[in-house]
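Undergrad: Please find one structure pasted underneath; my questions will follow.
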Amino acid sequence: MDFEQIENSKSFKTFLDGEWEFFPNSILISRENKNSTTPIYANLPEAWDMHIKRKSTSVPHGSYYLKIINVPDFNRLYGLTIPASLSPYSLKVNNEHVGEYGNNSTVPRKPSIDARPVTYYFELQPGDNEIIISGFHTNEHIAGGLTKSLIFGDLHSMESLKWFSAITQIIVCVIFLFYLIYTIVLFIVGIREKSLLYFALLIFSTFITVIVSSNKLLLWYVPIDWVLSTKLFFFSYILTMLWFILFLNELTKGYINAKLLNILIAFCCAYLFFIVAAPIDYVYSTQIVFYILFFISPIILVIVIYRVAVAKQKGAVILLLMATAISNNSLFIMINRSLTTPYSHYPFDLLIAIIALSGFWFMRYFHISVQSKQLSIKLQQEMYRKDEFLSNTSYELRTPLQHMLSIAQSLLAKKEHHDLRLLVTIGHHMSFMLDGLLDLIHLKERTINLQIKPINVQHIVESVCDMFQLTIKGKPIKLIIDLPADLPPVLVDENRLIQVFINLIHNAIKFTDKGSITVHAKIKNSLLYISITDTGIGIEKSKQAIIFEPYEQVDDHIKSPRHMGLGLGLSICKEIIEMHDGSITVDSAIGKGTTFTFSLPIAKGLTVGGAEVTTSSTLSKYIFLQDNFSITEQELAITVAKNTAPTNSAHILIVDADPLSLQVLLKVLSTESYKVDTALNGTEALEKLCKSSYDLVISDIMLPHISGYELAKQIREQYSISELPILFLTARQQSEDIRLAFLNGANDYVKKPLEYVELKSRVDALIQVKQSSEERLRFEAAWLQAQIQPHFFFNTLNAIISLHGVDDEKMKDLLLAFSNYLQMSFDFQNVDLVVPIDYELKLVRSYLDIEQIRFGDKIQIVMDIPEDLILNIPPLSIQTLVENAIRHGILPQRGGGTITIRITESKMEYKVLIIDNGVGFDTTRLRRQTSVGLINTEQRLKQIFGTELDIESKVGEGTTVILTIPKSHAQKRN
């Protein structure tokens, strides 16, 4: 080896891998007797059996020789680390004995050494130096020779390498001891869980693996021979793997196959016994079993990770980290046993694995703790459920009652047959809820007397479905009866069977917006199984187990009144069916619908003809089902059409998911001749706001799709509080709900159930706010027009006087234009909401005639107006924009310019364009310098049409102002 080829030779460490001279069956005493034997060249690290082509029958021994040349005169010590060896050897440097390991006599013996790495230190003379390593092969199961790399370096580097490895092992041992003590204390104080015991045993066995591997710290303090240390190495690693699997199984119960686990435990125990009892030669010869078992842990961990991830359990990421760390540690141990690495101990993967394992354990512990806390909170909440139920019941009963009172008050002004029918419907709805409460109590106490008799199911189903035809009128839902013609009768109480069908079909209709509801049946084991299948929204799997409990509401994601109730219907069905020795089940998936199936005993020996047929008198008591679902959107539209107010009345938009509430509000507000539109959700309301202008929005807070809060928030993005008032309807009276209502832009709120007088008062007040805002803008525009600037007035008069006697004809034209302009400027029509386009253009022409006569060719005018145009616009809107264009665009420009007034028509809207080629301006300063007239015009556009002015301008090129009028508003009247 050439010393000069070593980089940074003053401080270095390097592997002495490569070609050495090897003298088989020869022990070199000194450098002189080297020449008496012919060497062969061996590539280290490698067993010397690989160097000898024909293996000798005797126990081989040999010597390795290395010459180091060009050693500088540093006058310092160097070190050579020889890895752990199970064969004895001696080391000589420059014919001086440096050290030996084991029994290095010429008579081969079984080794009694402890087999750990040793570092020898020596001096090198300047120039050439020789290193001789002689050794014996003492065990046929162990490869002879230098099978691992030798590390050579200066004293400082070798000491750093040695102590770094030792210190890292010591640190790991201290950490493991801390974990061990902490776990034992937890186990002693009372947490007597298997997982805790397995974790303590895992930590202890892992601690043993650390002190018997790499630097073998145990051998520093306990002198044991290599047989015991080797067996301890194998034993500790297999035991660690066993405790790890047992702990993992305890931690993730159900994720490791029990049969596989038992086989693995038995195999590990058998191999552990074999390690203890068998001779060391046999243990070495079965190392393949050790490697197989050692790599089973990462494989099992990967399987557990996969199952945990599939089950969507928490901690899969932590387990993945642990698996990676354990796999890396296992790979390092195997490499380190076969080769020499710069660091004989690598602690980080093992630390990460233990920390991740304990972290996963603690996470599961805290998860269970949180679950316990949640159960405790839920238990406390259950204590208040009775009070909450009474509160909900009070609301559910008071709301129909107030609806009845509101309609009754509206009938004082006007009586209609439809109102009376609606009043009866609400009364039956209220009676149905009261019957449900009473039935539940009697069913729980089993105090109901059943009139059991053979009943024809076919006729009951047909009669109930006929009743529901009114309920689904106007909805895209089909009721399908798919029952066999030879269906046998069942032994039930007729009235209770009707109640079951009504509850189940009513529930299906409530949660089905479109599709079908099918009733079908089949016979199995002397029972008739009847199924009711809908194509509705479905029920989550996690909630299907609780839907038959009293007062349970599984539709938490739908907070509209249409879907709300007391939560008693399914519970009553279950109690009734179980009283008939039957059962009821549910099968559902979100977005795919729901199927309720219940069983009833068949009346043996009877045919369909022998069963009693349900009479109309029996069903008449359930006519209450003409409830909120019988009022469809089509009926609402008809009612609105009948109650449409004159064009000068206020326009109100009511948003409520409950058609019954919409109907009541329609009847209450119709007495004031308001024009009323309705929407069943927020999305529909926003669409109607885009198509029409309204004076008031009345909205429930609880809406499907988007809430009332979000609806108000989106409205406020376009309209201010005075431009479009919002009145919220809320069943909740908590201060937080009211605060949120105001924060999202509500003007006022009314609590449900509604009081007739309160509702009317608040509606009238908010409409007056809207109308006052409109009047303010109109009067402001008229006032601005009336404030004719004095210089314009006097300049026009001076122009008239100057033309007298010079151009009398032109003077007459100017006088006529000025007269028309003054007359229209002070016209009371200017305070109207809108005026015909012809009226506005007449005012504009009068103004332009005056300016043209005054300034002559400096002002050029182009009018591009379609003929026979029927369009209403806010008064003084175009005139204000034209005047602004002349004053600030044309006149300041030397030579004047052209102003163009153009009206275009598209499929959806009209556009009025006022274009000038004047001086223009910087649009970034527009909002700070906009005149009062422009602001007023834009506010009126926004309030009347829901549009804004679109202004485009470039300095030196001119300005274009666009006024947009939707066609849906083009015929708007005052």
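Undergrad: Separation of region 938-970 and region 231-285 by C-alpha centroid, Å?
TA: Cα centroid to Cα centroid, the span is 83 Å.
Undergrad: By average Cβ neighbour count within 10 Å, what is the ranking of 677-689, 511-523, 262-274 from highest down?
TA: 677-689, 511-523, 262-274
Undergrad: Please give, to one decimal in nm, the separation of the simple spin-label points placed at Gln380 and Ser761, each 7 Å out from Cα toward the Cβ.
TA: With each label point 7 Å from Cα toward Cβ, the separation is 4.0 nm.
Undergrad: Something else about it: Most exposed first by the Cβ proxy, i.e. fewest other Cβ within 10 Å, how do Leu600, Leu196 rank?
TA: Leu196, Leu600
Undergrad: Quick check on the exposure proxy: order Met579, Met702 from fewest to most C-beta atoms within 10 angstrom.
TA: Exposure proxy ranking, most exposed first: Met579, Met702.
Undergrad: In addition: Hey, which of these cross-link pairs are over 25 Å Cα-Cα: Lys770/Lys907; Lys514/Lys667; Lys514/Lys688?
TA: Result: Lys770/Lys907; Lys514/Lys667 exceed 25 Å.
Undergrad: Among Lys473/Lys541; Lys510/Lys541; Lys522/Lys604; Lys13/Lys67; Lys541/Lys592; Lys713/Lys751, which pairs are too far apart, with a Cα-Cα distance over 22 Å?
TA: Table pairs above 22 Å Cα-Cα are Lys473/Lys541.
Undergrad: In what sequence do His506, His61 fall when counting other Cβ within 10 Å, fewest first?
TA: Fewest to most other Cβ atoms nearby, the residues stand as His506, His61.
Values quoted throughout were computed directly from the atomic coordinates according to the rules given, and no laboratory measurement underlies them. None of these values were measured; they are calculated from a predicted model. Because the Cβ atoms are built from the backbone with ideal geometry, glycine has one as well, and the counts that use them run over all protein chains shown.
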